[in-house]
Amino acid sequence: MGGATMGKAADEWWRGAVIYQIYPRSFQDDSGDGIGDLAGILRRLPHVASLGVDAIWISPVFPSPMADMGYDVADYCDIDPVFGTLAEFDALVARAHALGLKVIIDQVLSHSSDRHPWFENSRTGGDKSDWYVWADARPDGTPPNNWLSVFGGPAWEWDAGRRQYYLHNFLPSQPDLNYHSPAVQEAALAVLEFWLARGVDGFRLDTVNYYTHDATLRDNPPAADPEPDGRAPANTYDMQDHLHDKTQPANLVFLARMRALLDRYPGRCLIGEVGERDDRALAIMADYTSGENHLHMAYSFAMLGPDYSPAHFRACLEGFFAAAPDGWPSWSFSNHDVNRHVTRWAGHGTQNALARQAVSVLASFEGTIGLYQAEELGQTETELSYDELTDPPGLRFWPENKGRDGCRTPMVWDSTPNAGFSRVKPWLPVKPPQAAHAVTLQEANPASVLHHYRQMLAFRRNSPVLRRGTTRFLDLPAPILGFTRGEGAGSLTCLFNLSPDPTECTVAPGLIATGPLLAATHEGTTATLGPNGCLWLTPAR
């Protein structure tokens, strides 16, 4: 391999990588206030490195009023004291790099907190007057259009001082920045450069398709598809087709500017969270990652829902690569915004069998993959009562939507009080069903979910075809998911029984089993897959 080719491969470390998401409030509390912090993350990094992942993604740690748990930023270039200091952040980056881990941090650039000095300046008509999206009321005092907030209600809030409405796609305390202003674009790029200079290896861009809006403020049309049961959705946001309040062509122009900045720093990457309805998301992911002047990869929501079927997974992968043959996806089964997948897909197997199979499937997919803290323990969703909630959607839409707190409860480390997360009462409770999955308990059990995660990630890391090989799906009856990675002598046939009932299928002759098999056997041209069975086959040498 030539020097230039080797350099390109090193710069593209993210292609086929495994990224481990850390939700700082819930990872490890070392300060003793019940909230996780940077010192706690640093202390627990050896556990993350032991999994065999390539990078960590750290959710927001910037100064914030915490109305949306850090996704309402009041200062983009500092650390909130609840998490630590910039010096502690620098130490964390250095320690991660020493352990062979890249560091990706969240950037919440579509909106800020209403406590940000930029917004205080804008609402009083200062030199940043146009940095946010302001609009006059209609003659009858109502908002300028029909746009709705993701968190419920109108997307417009009246400001009595300025005598105008401002746009907020989320909470009223999260005003949207106006990316039609060149000064806002420059400010956002300066934020990225600040953190690049501190050694971060990339950014996960929250709600990346929300940066620009239709400048003429046209109304959104109603959603074409009613709810399956004929009732109105719990959240009125789902009653509109969001054609004008997000995913505008101007977004791609700004992403090109972001990519140009990142290209000045070899080996850095941009991963964008695309928030869009299912029938549109893959096409937008393709648009946002095609070529070399936009995102390096797009973070998909497609596998974060209830569907655990061969047809769904095939549609996701085939749909993306057909639309963007030169693009790159990032797939996850869980994150800080959705119910944990072992609970979500409970009907497809027992907890531990499903947890083992899930990582086996995910780690066999083409693309970059993301893990969410504690999924390596087979962690389940925490059942919370209303009085235990902190999350705005849960508080507003309970019980139809219980919010996101159930997947954000603290990491469980050992059998001490609060499962080793904190010396004091945590910000969210640690309950017995979750504490039963503690790291120390699983370390002592060679058959644990944790040990299987390490085995499966090592299998992926040591298999060039799993990290970079192309995918061809096999036409097999449900519930069997089957596909090949790569071609010829180095190819790998991947077979998964996505059900608790045993089954079998016919495979090509001349193959032998490899990898960390689960409830599966292979003889001749017959593959037998037990409950949640997993089998990898490679040509005999």
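Key figures
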quantity	calculated
Number of the condition not met by A324 [criteria: (1) under 25 Å from Y71 (Cβ atoms); (2) of a type outside the set (V, I, T); (3) modelled with pLDDT under 95]	(1)
Odd one out for R454, checked against (1) within 16 Å of L518 (Cα to Cα); (2) crowded, with 19+ Cβ neighbours inside 10 Å	(2)
Single unsatisfied condition, K102 versus (1) in contact with a Phe, Trp or Tyr (Cβ under 7 Å, 6 or more places away or on another chain); (2) closer than 23 Å to K246 by Cβ	(2)
Selection from segment 265-313 of residues that are of a type in the set (S, T, Y) and under 16 Å from H341 (Cβ atoms)	Y299, S300, Y308, S309
Considering residues of segment 48-62 that are part of a loop (DSSP other than H, G, I, E, B) and under 27 Å from P117 (Cβ atoms) only, the residue farthest from the chain's Cα centre (by Cα)	F62
Lone qualifier among A527, A519 - being open to solvent by less than 40 Å² (accessible area, probe 1.4 Å) and either within 26 Å of H47 (Cα to Cα) or in contact (Cβ under 8 Å) with a residue 24 or more places away in the chain (or both)	A527
Checklist (1) open to solvent by 20 Å² or more (accessible area, probe 1.4 Å); (2) on the phi > 0 side of the Ramachandran plot applied to N532, failing item	(1)
Any hit, segment 251-258, residues being closer than 18 Å to I104 by Cβ and open to solvent by less than 20 Å² (accessible area, probe 1.4 Å)	yes
Qualifying residues in segment 174-188 (those that are assigned to a loop (DSSP other than H, G, I, E, B) and touching a residue at least 60 places away in the same chain (Cβ under 8 Å)) - the one nearest to the chain's Cα centre (by Cα)	Q174
Residue check, G510 touching a residue at least 24 places away in the same chain (Cβ under 8 Å), open to solvent by 20 Å² or more (accessible area, probe 1.4 Å) and within 22 Å of Y453 (Cα to Cα)	no
Residue count, segment 97-111 (criterion: of a type outside the set (A, V, I, L, M) and either surrounded by fewer than 21 Cβ atoms within 10 Å (Cβ to Cβ) or in contact with a Ser or Thr (Cβ under 7 Å, 6 or more places away or on another chain) (or both))	4
Pairs, first without any contact (Cβ under 8 Å) to a residue 60 or more places away in the chain in segment 396-415, second open to solvent by less than 10 Å² (accessible area, probe 1.4 Å) and outside any helix (DSSP H, G or I), C-beta under 6 Å, six or more apart	G403/D391; D405/D391; D405/L428; V412/A438; D414/A438
Only listed residue being in a loop (DSSP other than H, G, I, E, B), among the charged types (D, E, K, R) and closer than 27 Å to N178 by Cβ, chosen from R231, R264, R257	R264
E375, sole failed condition from (1) at pLDDT 95 or above; (2) closer than 29 Å to D33 by Cα; (3) open to solvent by 30 Å² or more (accessible area, probe 1.4 Å)	(3)
Only one of A137, A94 that is open to solvent by 30 Å² or more (accessible area, probe 1.4 Å), of a type in the set (G, A, S) and outside any loop (DSSP other than H, G, I, E, B)	A94
Residue ID - farthest from P399 (Cα to Cα), chosen from residues in segment 184-235 that are at pLDDT 95 or above and among the basic types (K, R)	R198
Residue under evaluation R204, criteria (1) in a loop (DSSP other than H, G, I, E, B); (2) open to solvent by less than 10 Å² (accessible area, probe 1.4 Å); (3) within 17 Å of V73 (Cβ to Cβ); (4) of a type outside the set (F, W, Y), criterion not met	(1)
Any pair with Cβ under 8 angstrom, 6 or more apart, that starts in segment 334-349 at a residue that is more than 20 Å from P531 (Cβ to Cβ) and ends at one that is open to solvent by less than 20 Å² (accessible area, probe 1.4 Å) and among the polar types (S, T, N, Q)	N335/Q21; H336/Q21; H336/S59; R340/S334; R340/Q379; R340/T380
Members of segment 112-134 found to be in contact with a Pro (Cβ under 6 Å, 6 or more places away or on another chain) and open to solvent by less than 10 Å² (accessible area, probe 1.4 Å), listed by number	S113, F119, Y132
Counted residues, segment 143-162 - those being outside any strand (DSSP E or B) and farther than 17 Å from A234 by Cα	7
Failed item in (1) assigned to a loop (DSSP other than H, G, I, E, B); (2) touching a helix residue (DSSP H, G or I) at 6+ places or on another chain (Cβ under 9 Å), with P65 passing the rest	(2)
Pair list, Cβ under 8 Å, 6 or more apart: segment 306-322 residue closer than 12 Å to F473 by Cβ, other residue β-branched (V, I, T) and assigned to a helix (DSSP H, G or I)	F313/V361
Residue list for segment 142-161, filter: of a type in the set (G, A, S) and either open to solvent by less than 40 Å² (accessible area, probe 1.4 Å) or in contact (Cβ under 8 Å) with a residue 24 or more places away in the chain (or both)	S149, G152, G153, A155, G161
Flag if A444 is more than 29 Å from A322 (Cβ to Cβ), of a type outside the set (V, I, T), in contact with a Leu (Cβ under 8 Å, 6 or more places away or on another chain) and open to solvent by 40 Å² or more (accessible area, probe 1.4 Å)	no
Tabulated pairs, segment 62-87, first in contact (Cβ under 8 Å) with a residue 60 or more places away in the chain and open to solvent by less than 40 Å² (accessible area, probe 1.4 Å), second among the hydrophobic types (A, V, I, L, M, F, W, C) and not in a loop (DSSP other than H, G, I, E, B), C-beta under 6 angstrom, 6+ apart or interchain	Y76/V191
Selection status of M285, among the hydrophobic types (A, V, I, L, M, F, W, C), at pLDDT below 95 and more than 30 Å from D501 (Cα to Cα)	yes
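The values are calculated or read from the model by the stated rules, or taken from the named source; none is laboratory data. Given the structure is predicted, the values throughout are model-derived calculations rather than measurements. Positions of Cβ are generated from backbone atoms using ideal geometry, with glycine treated the same way; all protein chains shown enter the neighbour counts. Note: accessible area is taken over every heavy atom of the protein model, side chains too, but ligands, DNA and RNA are not part of it. Shrake-Rupley method; radii C 1.70, N 1.55, O 1.52, S 1.80 Å.
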